[in-house]
Amino acid sequence: MNELFERLRKILFPIYAVTGIMIIIDVPAYLKISIYTEQYLGIYLTMILSGTFLSTPWRKNADFNAVDLILAVLCIPAGLYLTVKYPWIAMNMGTVTMWRTIWGGIAILLILEGLRRSMGYSLVIVCSVFLLYAKFGSYLPGILHCRSFTLGKLISYIYIDPNSLLYMLSFGCTVGIAFIVFGQVLLNYGGGKAFINFALLFCGKAQGGSAKTAVVASSLVGTITGAPMSNVLLTGSVTIPMMKEAGYPPETAGAVEAVASSGGQIMPPVMGVAAFIIAETLGVAYSQVALAALIPAVLFYFATFVQVHMDAGKLKLKLIPKDQLPTPRYAWENGWFIIPPIAVLLVCMFNLGLPAALSAIIASAVALPFVLAKEENRKTYFKQLLETLRETGDMMVGIGIVMAMAGIVVGCINATGLAFSLSLALTQLGANHVLLLLVCAAVASLILGMGMPSVAAYSLVAILVAPSLIQFGIPAMAAHLFVFYFSVISNITPPVAVSCFAAAPLAGANPTKVGTTAFRLAIAAYIVPFAFCFTPELIMIGTVPNIIISFVLCLAAIFAICIALSGYWQYPVSMLRRILMVVFAAVILWPTNIIINLVGAALLIVLLLPDIKASFAKNFGNKEIVKEGK
């Protein structure tokens, strides 16, 4: 039976990938066939549900059996009912029919079972709670009270309404598939190794070069995979041993990889799927979201770089041997082929204004001839292409089942009006305490993100919390980016830091120690979202001079906090000075007025003056100053 399922996956998953590409480029339109978007989504639902049961047995390490095959077959009518019937459904949206209820109910149950198999019980519990609330919320008191629904009406709404299940599936069906294809094309043809070589070329000779290489390489790969755990496993097998060999403790090596891999989702120009949902929700171009996220992303990686640099100095780590560093010629000859497709992607999205999904497919098509420049790719070109399509099908099934779950939750929230009720309650809670409201939103995003992928966590919290943030005068872009950031960094936030748990075995370290170290390295990601909610210049809202001033001040504050956390610059920093650095950084970041912020910056400069002198001495040869600093 296992062999049968393996054969089915090898045949069907490439077909799923090709079908997904055909959906994105809208093949029926070229054939002059009119088709509803929801009919596409019915096909997509069929593929992700059947693919889940073909790839995941009923429990871990179990053999496949006839029940799995029956469930996979049952998925076909559950999805294709929408494809076949949607033209009639669109004209009779409010009518509840027996077949609509039956197939809708089966689809929801299949989604829950697929979630249990692929993601565990946590997401099933979350989804089930919202379903039960939608059905029985009319019996609850206070803000949790909602109108009552018959079972048929609730199932019908979740199953067919464009604002429910189908709403979230549309992102997985377009942007999700497109960037999976783009990432798999580059990675399967040597793009991951090329990124590592370029990172080694630019960072390998510096102090802490192994960790800085890991940060650059993992962030570059993370931008095209959009999956922190996969990114850790992909690049960590190279970067983590390299860091350990240089002398970094195992927990630091694992934490650096986990932080950099997660940060790829918040680094423009290519961010995670959630960033495209932000653009769709706010009704703005994706380029605006990417531009708004630029300064926070720079601060995130700046903080990581500063701390790995300081750790290298504190531990007196050795440099990467020259014979292990690629030459510029080698790095270019073995990696130049990744540049044209990335350039095409950026031009299509930002210059030509094409949809992100179509841009990624065009860039993938451009990549295919360029990868032939690498000799080893020419030998196995078509074998790798088939494997790329198979892995794309596998990954689209994985992200699709999560998006389906998010769609059910969104449907329950919309139907019950929970978002409005909760927003009202949070607004009353934070009537005079906006900071308290932001803390509640951050905690909600972190908790939900620990139990589900960041795109699902963002989608849920954005609906529940973002409106109340906006009501307090926080810019809409800032509110959504705030939720997005905390949903992403939940991957590296203890106690359930999934990226850290993925990195720990590769580093041979305790997952808890990896998580706490990752928390320190990613400190900017916990601070900057609060800063840009009160200082929108950090997300490019305001005049150019104000944006520059705010950026420089925030940069100084983050630098001071990183020094305080590391306890080292040119020499060990005393505890008193570390505490003062944090205090002055808080004064710089505190949302009062620019004069107080500048005063904080001036005090910080005075405090750091001995360190600045020691830095100049180290770089320009005045050793006496270094001795005095000690």
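The values are calculated or read from the model by the stated rules, or taken from the named source; none is laboratory data. As the structure is a prediction and not an experimental result, all values here were calculated from the model. Don't worry about glycine lacking a Cβ; one is built from the backbone with ideal geometry, like all the others, and counts go over all protein chains shown. Protein only, heavy atoms only, side chains kept; ligands, DNA and RNA dropped before computing areas. Shrake-Rupley method; radii C 1.70, N 1.55, O 1.52, S 1.80 Å.
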Per the filter on the range 58-75, residues open to solvent by 20 Å² or more (accessible area, probe 1.4 Å) and under 26 Å from MET168 (Cα atoms) are TRP58, LEU71, VAL73, LEU74
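Here's the yes/no breakdown for (1) out of contact with any strand residue (DSSP E or B) (no Cβ under 7 Å at 6 or more places or on another chain); (2) within 19 Å of LEU299 (Cβ to Cβ); (3) open to solvent by less than 80 Å² (accessible area, probe 1.4 Å); (4) at pLDDT below 85:
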residue	(1), (2), (3), (4)
ILE547	yes, yes, yes, no
ILE558	yes, yes, yes, no
GLN570	yes, no, yes, yes
SER574	yes, no, yes, no
ILE588	yes, yes, yes, no
PRO591	yes, yes, yes, yes
ASN597	yes, yes, yes, no
ALA601	yes, yes, yes, no
So, in the range 147-161, of the ones that are closer than 16 Å to GLY417 by Cβ and crowded, with 22+ Cβ neighbours inside 10 Å, which residue ends up nearest to the chain's Cα centre (by Cα)?
ILE158
The one condition TYR86 fails out of (1) more than 16 Å from VAL397 (Cα to Cα); (2) surrounded by fewer than 17 Cβ atoms within 10 Å (Cβ to Cβ); (3) in contact with a helix residue (DSSP H, G or I) (Cβ under 8 Å, 6 or more places away or on another chain) is (2)
Enumerate the pairs (first residue in the range 167-184 and closer than 17 Å to GLY79 by Cβ; second residue anywhere and at pLDDT below 85 and of a type in the set (S, T, N, Q)) with beta-carbon separation below 7 Å, excluding pairs fewer than 6 apart on the same chain, so at least 6 apart or on different chains.
MET168/SER459
Taking the range 385-397 only, how many residues are open to solvent by less than 40 Å² (accessible area, probe 1.4 Å) and more than 23 Å from GLY79 (Cβ to Cβ)?
1
From the list GLY400, GLY473, GLY430, which residue is farther than 29 Å from ARG116 by Cβ, among the small types (Gly, Ala, Ser), open to solvent by less than 10 Å² (accessible area, probe 1.4 Å) and modelled with pLDDT under 90?
GLY430
Of all residues making up the range 438-470, the number that are touching a Phe, Trp or Tyr at 6+ places or on another chain (Cβ under 6 Å) and buried (at least 24 other Cβ atoms within 10 Å of the Cβ)
2
LEU132 vs (1) open to solvent by less than 60 Å² (accessible area, probe 1.4 Å); (2) not in a loop (DSSP other than H, G, I, E, B): all pass except (1)
Restricting attention to the range 162-187, which residues are open to solvent by less than 10 Å² (accessible area, probe 1.4 Å) and under 17 Å from THR95 (Cα atoms)?
SER164
Could you grab me the full set of residues in the range 481-501 that are touching a residue at least 60 places away in the same chain (Cβ under 8 Å) and either assigned to a loop (DSSP other than H, G, I, E, B) or open to solvent by 10 Å² or more (accessible area, probe 1.4 Å) (or both)?
ASN491, ALA497, VAL498
Tell me whether the range 59-66 contains one or more residues that are part of a helix (DSSP H, G or I) and touching a residue at least 40 places away in the same chain (Cβ under 8 Å).
yes
Against the condition under 24 Å from the mean Cα position of the chain (by Cα) and either surrounded by fewer than 20 Cβ atoms within 10 Å (Cβ to Cβ) or without any contact (Cβ under 8 Å) to a residue 60 or more places away in the chain (or both), how does VAL344 come out, does it pass?
yes
